[in-house]
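First the structure, in the form of structure tokens, and then the observations on it.
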Amino acid sequence: MNVKKAIIPAAGLGTRFLPATKAMPKEMLPIVDKPTIQYIVEEAIASGIEDIIIVTGKGKRAIEDHFDHAFELEDNLYKKGKLDLLERVKRPGSVDIHYIRQKEPKGLGHAVWCARKFIGNEPFAVLLGDDIVRSDEPCLKQLINQYEETDASIIGVKQVPEEETSRYGIISPKDQNGRRYQVEHFVEKPAPGEAPSRLAIMGRYILTPEIMELLDNQGEGAGGEIQLTDAIERLNATKPVYGYEFEGDRYDVGDQLGFIKTTIAMALERSDMHDDVLSAIYEIVENAEASKH
Ligand code: UTP
């Protein structure tokens, strides 16, 4: 069965970006001039997804408005002949975006479970907004290709430096086939030196629908939240789960430093601003160096 549906959980509290996220969803924070969630939606569309369900929470109306038609704005841009901008504000075609509310932020596993009726009995994708991936072939498409070969759940992984393993879920691989690893176990945030590998779970998953039954009765895990990784560990006991080390550069926009780095990298990717941004960076660095002496 083809993967045509995707869940984007966006009901977290975004505490790392307070106070910006007090009245605005963190998914709407812009990287240059596009909200982070739009990069994620564009990756899903480029991977062949036809229906997206965004799991939202309190104070997330701006996400719905962003992906809606903005008739007055579009009309105004059209009349002023600003056709480039008009193209950029139009809602994405070729995909239907649906919304469901997670009534309480009970964890990522719970957010995914909230979309169970929408998913039904099909394999589906989960994309987290904290990870933006730049690659020739969209990251999610790479995972879908692996799903088509294995008919099993596939989790996007990347090598991280040893000192960073404690920030991620790490897979303990038992078998390798090129970039694909069969998973023996998942270890949540292992201390450096205790990690079974440096392969960290990034925010991209293809999951088979049995995961929803497991989430039905998944108890609370770390932090008192219902953890998706705990349910995937249980799934792995009955059906193989694979990690796939996807190709491309992954940017972490979930904390301040990552957000700043991503903003710079994305601005440098753009031909209309590359040179100006680069000279601004040199200037800032020179001033910072000079003020040290
Ligand atoms: P995070 O752990 O990054 O939490 O959630 P967060 O709220 O987004 O950010 P911080 O840590 O407080 O700054 C990982 C993903 O799971 C979603 C989040 O929206 C994010 O995409 N999530 C988390 C939910 O949808 N619901 C939850 O109850 C928890």
query = Assuming R0 = 51 Å, what is the FRET efficiency of E289 and R88, from their Cβ-Cβ distance, to the nearest 0.05?
reply = 0.85
inquiry  = Out of the trypsin sites (Lys or Arg not before Pro) in segment 233-285, which ones are loop residues according to DSSP with at most 13 other C-beta atoms within 10 Å?
reply    = R270
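Kindly give Rg over Rh for segment 243-293, based on alpha-carbon atoms, with the Kirkwood expression for the hydrodynamic radius. It would help to have the intermediate numbers written out before the result.
Values: Rg = 14.5 Å, Rh = 12.9 Å.
Dividing the radius of gyration by the Kirkwood radius yields 1.12.
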ask   = Regarding the chain, what is the average projected area of its C-alpha convex hull, in nm²?
value = 18.0 nm²
ask   = To the nearest 0.05, what FRET efficiency results for E163 and K22 with a Förster distance of 45 Å applied to their C-beta separation?
value = 0.90
task = Express the carbon and sulfur contribution to the solvent-accessible surface of the chain as a percent, rounded to the nearest whole number, probe 1.4 angstrom.
result = 49 percent
note = Computed over the Cα atoms of segment 83-178, the Rg and Dmax in Å are 17.2, 53
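Quick check on segment 128-200: take the gyration tensor over C-alpha atoms, sort the square-rooted eigenvalues as a ≥ b ≥ c, and tell me if it's rounded (a/c under 1.5), prolate or oblate. Don't skip to the answer; put the middle values down first.
Values: a/c = 2.26, a/b = 1.38, b/c = 1.63.
Oblate, because a/c is 1.5 or more while a/b does not exceed b/c.
Would you calculate, for the chain, the mean residue ellipticity at 222 nm contributed by helices, counting each DSSP H stretch of 4 or more residues as -39,500 (n - 2.57) and dividing by all residues, to the nearest 500?
Working: 11 runs with 106 residues, N = 293.
Helices in the chain give a 222 nm mean residue ellipticity of -10500 deg cm²/dmol.
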query = When all C-alpha to C-alpha distances in segment 203-271 are sorted into bins of 10 Å, what percent of pairs does each bin hold, rounded to whole numbers?
reply = 16, 31, 28, 20, 5, 0
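Kindly state, as a whole number, the per residue volume in cubic angstrom of the convex hull around the alpha carbon atoms of segment 7-107. Show your work: numbers first, answer last.
Details: hull volume 11.9 nm³, N = 101.
Per-residue hull volume (Cα only) is 117 Å³.
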key: Contact order normalised by residue count of segment 47-102, Cα under 8 Å, 6+ apart, percent   = 64 percent
task = Report, in order of residue number, the helices in the chain meeting two criteria: a C-alpha extent of 15 Å or more along the helix axis, and a mean Kyte-Doolittle hydropathy of at least -0.5; treat each whole DSSP H run as one helix.
result = 36-46, 228-238, 256-269, 274-292
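One-quarter of the Cα convex hull surface for segment 21-167, in nm²? Please report the intermediate quantities before stating the final value.
On the way: hull surface 46.0 nm².
Hull-based average projected area comes out at 11.5 nm².
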task = Can you check how the C-alpha radius of gyration of segment 159-293 compares to 2.2 N^0.38 Å, as a plain ratio?
result = 1.40
key: Distance between segment 49-71 and segment 239-265 - C-alpha centres, whole angstrom   = 23 Å
Leading residue at positive end of dipole, the chain (Cβ point charges), from S47, H274, I7 = I7
inquiry  = Whole angstrom only: what separates the Cα centroid of segment 170-218 from the Cα centroid of segment 1-47?
reply    = 23 Å
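Quick check on segment 159-225: what does the Kirkwood estimate of hydrodynamic radius come out to from the alpha carbon pairs, in Å? Before the final figure, lay out the partial values.
Values: mean 1/r = 0.0748 Å⁻¹.
Its Kirkwood hydrodynamic radius stands at 13.4 Å.
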task = At 0.36 nm per residue, minus the direct Cα-Cα distance, what do K239 and E50 gain on full extension? Give it in nm, one decimal, please.
result = 65.4 nm
ask   = Solvent-accessible area per residue for the chain at a 1.4 Å probe radius, Å²?
value = 52 Å²
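Starting from the alpha-carbon convex hull of segment 52-138, give the projected area averaged over all orientations, in nm². Before the final figure, lay out the partial values.
Values: hull surface 31.5 nm².
Averaging across all directions leaves 7.9 nm² for the Cα convex hull.
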inquiry  = Shape verdict for segment 42-95, please, from the Cα gyration tensor: rounded (a/c under 1.5), prolate (a/b greater than b/c) or oblate.
reply    = oblate
request  = Give, in nm to one decimal, the length gained when the segment between R101 and E148 is fully stretched (0.36 nm per residue of separation minus the Cα-Cα distance).
outcome  = 13.8 nm
remark   = Length-normalised contact order of the chain, Cα under 8 Å, at least 6 apart, in percent, tallies to 21 percent
query = Using a Gaussian network for the chain with springs between C-alpha atoms less than 10 Å apart, which of these wobbles most: K79, K60, K90?
reply = K79
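The values are calculated or read from the model by the stated rules, or taken from the named source; none is laboratory data. Quick caveat: nothing in here was measured; it's all calculated off a predicted structure. Virtual Cβ from ideal backbone geometry, glycine too; neighbours counted across all protein chains shown. To get the accessible areas, we keep the full protein, side chains included, count just its heavy atoms, and leave off ligands, DNA and RNA. Shrake-Rupley method; radii C 1.70, N 1.55, O 1.52, S 1.80 Å.
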